[in-house]
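Shown next, in structure tokens, is the structure this report addresses.
The values are calculated or read from the model by the stated rules, or taken from the named source; none is laboratory data. As the structure is a prediction and not an experimental result, all values here were calculated from the model. Using ideal geometry, Cβ is built from the backbone for each residue, glycine included, and neighbour counts are taken over all protein chains shown.
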């Protein structure tokens, strides 16, 4: 049976009335952009009496069109939609953007156009009038207060936002001025500062999301002071009067061609009815702590755990910026009987109160790997929630309160390096014999080897000066360096070592990679000293690197196949490099001889 259309609703929808789930008919559909990354479809839609030729599908509905579900004459129910003004200064056409719909009757079933619709712009005033409910019999007249207080602490300016008709994020462009978005804050960075010959400043960034898409917004200087404390992660706001510009895709991974900058005219207002506003909640892809050990270094992860232990607040001064930083290490445990360290920075570290052993949920926290152990760091753009009201948190709380945290067997952050004799001893030839590094997880082993050659080429890179970030920076000129991860410009940088060298034992030789801490240890110099020598004093750099040649160490190595382009390479990374303790090493050799020959016993 063919469904009846919601006759006459299109003019009311296009003039701002909220019609619940109208039933309409698709009369035509056309692709308006051939770019696969931003494919959009325009449709001609009818209510049987009026039609609208300015309707578009949100990108998440493209798949329905690809599957042939939205053909001519198809009858659909609009479950979620918004209207948006497209054109400079709001003087263009108002467009209906459909974000969710349900197919009621397929086009092949209907086969014909229903009614003789005309453009909705010809609708009479009577058709535009909302269908009001009849008045109650003895309803008292509504009295307006003699004085109305317009002050609102949730509004950034004295002017309130007209939130009656909001625009979807996906419809924003620099060619529009009069728009209002309703969006949830999914992440927010800490305030970052800069200083250069042209002056000083500060900024913070946030990511905003609605049902149509997401966008990054940044507030500088006065706007940073004005909005930072007001804007909270996971809250929903009406936002208007921001500057839009093309997004620099080198620094933003969001699926939006534009980004926003707050200005002196920007207005922000808290949305009080966020639960009913159709804005999606933040999604968490929670991973058990036990699985973090198998994830890649520097990857972002969402996880949840009980704060079992709280470390002391630590302060230190950066060698590159002379700024003081504060951090605090926590130990999280979960029902996988695993534990991992989480590092908090800045105000999060100072203000953290863990005496009640709260449940902690983190989103987008960064994985750090050192000496075979994995830890987490709460950096810019990460989210931390204390005792969140979600089923996973309540289940975890019950598990811990009943003694679940007493038997933690897997310490994900435990270092397995340092020449420990509990780690398997192999020679470099065993890598090929045993096919090490070919599985889903890396393999770890240790060997005694001598350094043959140390490459000076590409032995360092310029990194973000922030303590919790080691991302390579881009030289923007004029003594300005941009960090993609922090989305910020800095007047300086720090050196980070990335040393490649050839090592060998009695069976074979291999190229290995050393990162910053191991490189500093082997060279006996800080990364700052090495970087400056490589850039400014080649003789001094040669002396530093040549001193490492033909020295022997106990190397703890990580072995894993990695893909470069269309090639797979077996990569070795140094997790630790310890001086040879000959007494302990001889004990190991005697034990191996005993097992091989069955003669004698190892020296006590």
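Among the residues of the stretch 388-414, those that are crowded, with 16+ Cβ neighbours inside 10 Å and part of a helix (DSSP H, G or I) comprise 393, 396, 397, 400, 404, 405. Restricting the search to the stretch 293-327, which residues are part of a strand (DSSP E or B) and either modelled with pLDDT under 80 or surrounded by fewer than 20 Cβ atoms within 10 Å (Cβ to Cβ) (or both)? Once the filter is applied, which keeps residues that are part of a strand (DSSP E or B) and either modelled with pLDDT under 80 or surrounded by fewer than 20 Cβ atoms within 10 Å (Cβ to Cβ) (or both), the stretch 293-327 yields 300, 302, 308, 309, 310, 314, 315, 316, 317, 324, 325, 326. Annotation: residue 33 fulfils all but one of (1) under 34 Å from the mean Cα position of the chain (by Cα); (2) modelled with pLDDT of 80 or more; the unmet one is (2). Take the conditions (1) in a helix (DSSP H, G or I); (2) in contact with a helix residue (DSSP H, G or I) (Cβ under 7 Å, 6 or more places away or on another chain); residue 65 misses just one of them, which is (2). No other residue among 551, 526 is surrounded by fewer than 20 Cβ atoms within 10 Å (Cβ to Cβ), in contact with a strand residue (DSSP E or B) (Cβ under 8 Å, 6 or more places away or on another chain), modelled with pLDDT of 85 or more and within 21 Å of residue 451 (Cα to Cα) apart from 551. Across the stretch 271-282, not a single residue is classified as over 24 Å from residue 494 (Cα atoms), modelled with pLDDT of 85 or more and not in a loop (DSSP other than H, G, I, E, B). Screening the stretch 455-464 for residues that are touching a residue at least 24 places away in the same chain (Cβ under 8 Å) and over 19 Å from residue 220 (Cβ atoms) and picking the one that is surrounded by the fewest Cβ atoms within 10 Å (Cβ to Cβ) gives 458. Among the numbered conditions (1) surrounded by fewer than 18 Cβ atoms within 10 Å (Cβ to Cβ); (2) in contact with a strand residue (DSSP E or B) (Cβ under 8 Å, 6 or more places away or on another chain); (3) touching a residue at least 60 places away in the same chain (Cβ under 8 Å), the only one that residue 379 does not meet is (1). Against the conditions (1) modelled with pLDDT under 90; (2) in contact with a strand residue (DSSP E or B) (Cβ under 8 Å, 6 or more places away or on another chain), residue 477 satisfies every one except (2). Number of residues in the stretch 298-314 that are within 15 Å of the chain's Cα centre (by Cα) and farther than 20 Å from residue 336 by Cβ: the value is 1.
Residue 213 satisfies every condition listed in (1) more than 16 Å from the chain's Cα centre (by Cα); (2) under 22 Å from residue 284 (Cβ atoms) except (1). Residue 43 meets all of the listed conditions (1) surrounded by 14 or more Cβ atoms within 10 Å (Cβ to Cβ); (2) within 36 Å of the chain's Cα centre (by Cα); (3) at pLDDT below 90 but one, namely (3). Checked against (1) within 11 Å of residue 98 (Cβ to Cβ); (2) at pLDDT 85 or above, residue 58 passes all but condition (2).
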